[in-house]
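The values are calculated or read from the model by the stated rules, or taken from the named source; none is laboratory data. All figures in this text were calculated on a predicted structure; none of them were measured in a lab. So basically every Cβ, Gly included, is an ideal-geometry build from the backbone, and we count neighbours across all protein chains shown.
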Amino acid sequence: MLNTKYIVVGAGVFGSVVAERIASVLNEPVTVIEKRGHAGGNCYSEIDRETGIECHRYGSHIFHTSSDAVWEYITQFGAFTGYRHKVLAVSGGKIYFLPINLKTLCDVHQRFITPEEAQRLLSGEKTDPATATNLEEKAIALIGRELYEKFIKGYTAKQWEKDPRDLPPDIISRLPVRTSFNTDYFSDPYQGVPKDGYFKLFERILSDPRISLLLNTDFKSIRHEISPDSTVIYTGMIDEFFDYRFGMLEWRSLRFEWETHRCRDYQGTTVVNYTDAEVPFTRIHEFKHYHPERREPFDSDKTVICKEYSKTWSHGMEAYYPVNTGRNQALLKQYQELARRNPNVIFGGRLGCYRYWDMDKAVLAALDCFESRIKENYHG
Ligand SMILES: Cc1cc2nc3c(=O)[nH]c(=O)nc-3n(C[C@H](O)[C@H](O)[C@H](O)COP(=O)(O)OP(=O)(O)OC[C@H]3O[C@@H](n4cnc5c(N)ncnc54)[C@H](O)[C@@H]3O)c2cc1C
C-alpha cells in the first residue's frame with residue numbers, strides 16, 4: 001500500500017515543483033511516480049555518450065520568463081547560462097531571422113527599411129482578422145500575403161498535416177512581428193539553459209530526502225495501492241485518468257530523427273526552421289550550440305543534430321501539443337466536471353489541464369497550486 005499523505009504522478013516541471021514544495025515547506029514525505037525512466041518530463045536532457053554533447057531528448061528547451069518569482073525559485077537549484085535564443089528560417093534557399101523583425105523585412109525586400117516604413121508596409125496589407133474564416137485568411141490579415149507565403153504557409157501545413165485553408169482561424173491569435181532589429185526569439189528579461197544541464201536541475205529539485213521517486217512506474221499499475229486518504233497530484237492525461245469515458249482528447253505529436261555528424265559545426269546555430277512545404281521536417285536542432293562554454297564537446301569534430309517532424313497523434317504516442325478545437329474544449333469541460341467530484345485528486349501540468357505551457361508557466365502554475373490548494377488545506 002502506498003500510504004504517503006501526498007502522491008505526485010509525473011516528474012515533469014509541474015510534478016517536481018509541487019513535490020519539492022510539499023517536502024520542503026510542509027516537511028511531509030511525498031511519493032513521486034513517473035512512468036518514464038527519468039525525471040524532467042519533456043524538458044529532460046542527457047549527455048550523448050559518443051560526443052559528450054547535452055541533448056534535449058524531447059526537442060529544444062530554453063528557459064525564459066518575465067516573472068521574478070519564477071526566476072528566483074528555479075535558480076535556487078542551479079545557475080543558468082546567459083544563452084539567448086535566436087531562430088533562423090530557411091525559405092526558398094535563403095535564410096532569415098524569426099520572429100519577423102526589421103532584419104527579416106530588410107532581407108525579404110533586399111534593402112534598408114526603417115521602423116516607420118515597416119509599420120506602413122505591414123498595416124497597408126491588412127484586412128480585418130476577425131472576419132477570417134480559416135487560418136490562411138487570418139494570417140494574411142495579420143501579416144500580409146508575402147510574409148504569410150514565405151514563413152507561415154508551408155510550415156503550418158507541415159505542422160498540422162493540413163492545408164491552412166482547412167484549419168480554423170482560432171489556432172493563431174497573433175503572429176509576432178517586431179519593427180526593430182531585435183533578433184531574439186523571446187523578449188523575456190530572464191533567459192538561459194541550466195549550466196549543469198536539465199538532468200541536474202531536476203535531480204536537485206527532487207533531492208529532498210522526504211521525496212521518494214519511483215521511476216518506470218505507471219499510475220495505472222499502482223492505482224489500486226493508493227490509500228483513499230492520500231491526496232494525489234496528477235499530471236498525466238486527464239482523459240486517461242477517467243479511462244476515456246467521454247472519448248479521447250486530440251494531440252499533435254512529433255518524431256525526432258537523430259544524427260551524429262563528423263564535422264565541427266553543422267548549421268552554425270541551435271535551431272533552424274524549414275518553412276517550405278517540400279522539406280519534410282519542420283526544424284533542425286544542433287545541441288552543442290546551447291553550450292559554447294563547454295569547450296571540449298563544442299570544439300570537437302563531431303556534432304549531434306536532430307530533425308523534427310510533426311505527426312498526427314494516436315493513442316500510445318507521445319502527446320506534445322493540445323489541439324484547440326471546439327470539440328476538444330467541450331470534452332475537456334466534461335472531464336473537468338468529473339474532476340470536481342474527485343476532491344482527493346488535483347489535476348495539474350500540461351497533460352492534466354490539456355493546455356500548452358512554457359516551462360515558466362508550468363512552474364508558476366505549480367507554485368500557485370501548492371499555495372492555494374495544498375498548503376491552504378494542510379492540517380498538519
Ligand atoms: C517540442 C517542445 C519544445 C518546447 N520548448 C520549450 C522551450 O523552449 N521553453 C519552454 O519554456 N517550454 C518549452 N516547451 C514546453 C515544456 O515542455 C512544458 O512547459 C513542460 O514540459 C511542462 O511540464 P509538465 O510537468 O506540465 O509536463 P511534462 O513535462 O509532460 O511532465 C509530465 C510527466 O508525467 C509523466 N506521466 C504522464 N502520465 C503518467 C502516468 N500515467 N504515470 C506516471 N507518470 C506519468 C510523463 O512521463 C511526464 O514525465 C516545449 C514543449 C514542446 C512540446
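Things worth noting here:
- Pick from segment 248-285, criterion touching a residue at least 40 places away in the same chain (Cβ under 8 Å) and among the small types (G, A, S), ranking: farthest from I95 (Cα to Cα): S253
- Restricting attention to segment 35-61, the residues that are surrounded by fewer than 20 Cβ atoms within 10 Å (Cβ to Cβ), near the ligand (Cβ under 6 Å from one of its atoms) and among the hydrophobic types (A, V, I, L, M, F, W, C) total 0.
- For segment 116-152, a tally of residues being closer than 24 Å to V271 by Cα and surrounded by fewer than 16 Cβ atoms within 10 Å (Cβ to Cβ) returns 1.
- For segment 1-17, the set of residues classified as assigned to a helix (DSSP H, G or I) and either more than 6 Å from the ligand (Cβ to nearest atom) or small (G, A, S) (or both) consists of G15, S16, V17, listed by residue number.
- With respect to being farther than 30 Å from L206 by Cα, without any contact (Cβ under 8 Å) to a residue 40 or more places away in the chain and assigned to a helix (DSSP H, G or I), A118 falls outside the description.
- For S227: the one exception among (1) at pLDDT 95 or above; (2) more than 12 Å from the ligand (Cβ to nearest atom): (1)
- Selection of segment 243-266 for residues being within 12 Å of the ligand (Cβ to nearest atom) and of a type in the set (F, W, Y) yields W251, F256.
- All positions within segment 330-355 that are among the hydroxyl-bearing types (S, T, Y) and in contact with a strand residue (DSSP E or B) (Cβ under 6 Å, 6 or more places away or on another chain): Y354
- Residue count for segment 21-38, restricted to those that are in contact with a Lys or Arg (Cβ under 9 Å, 6 or more places away or on another chain) and not basic (K, R): 10.
- Listed by position, the strands (runs of 3 or more DSSP E) contained in segment 190-293 that have at least 1 residues being among the hydrophobic types (A, V, I, L, M, F, W, C) are 211-214, 231-234, 251-261, 271-274, 283-286.
- W251 farther than 23 Å from A365 by Cα and either among the aromatic types (F, W, Y) or not assigned by TED's automatic domain parsing to the domain that holds I140 (or both): no
- Residues that are within 15 Å of the ligand (Cβ to nearest atom) and within 24 Å of I172 (Cβ to Cβ) number at least 2 in the following helices (runs of 4 or more DSSP H) confined to segment 295-380: 349-353, 359-369.
- Taken over segment 141-178, the criterion of being part of a helix (DSSP H, G or I) and among the hydrophobic types (A, V, I, L, M, F, W, C) is satisfied by A141, L142, I143, L147, F151, I152, A157, W160, I171.
- Considered as a group, the residues in segment 91-115 that are assigned to a loop (DSSP other than H, G, I, E, B), surrounded by 13 or more Cβ atoms within 10 Å (Cβ to Cβ) and in contact (Cβ under 8 Å) with a residue 40 or more places away in the chain include one that is nearest to the chain's Cα centre (by Cα), and that residue is P99.
- Within segment 18-33, the presence of a residue that is within 20 Å of the chain's Cα centre (by Cα) and either near the ligand (Cβ under 7 Å from one of its atoms) or without any contact (Cβ under 8 Å) to a residue 24 or more places away in the chain (or both) is excluded.
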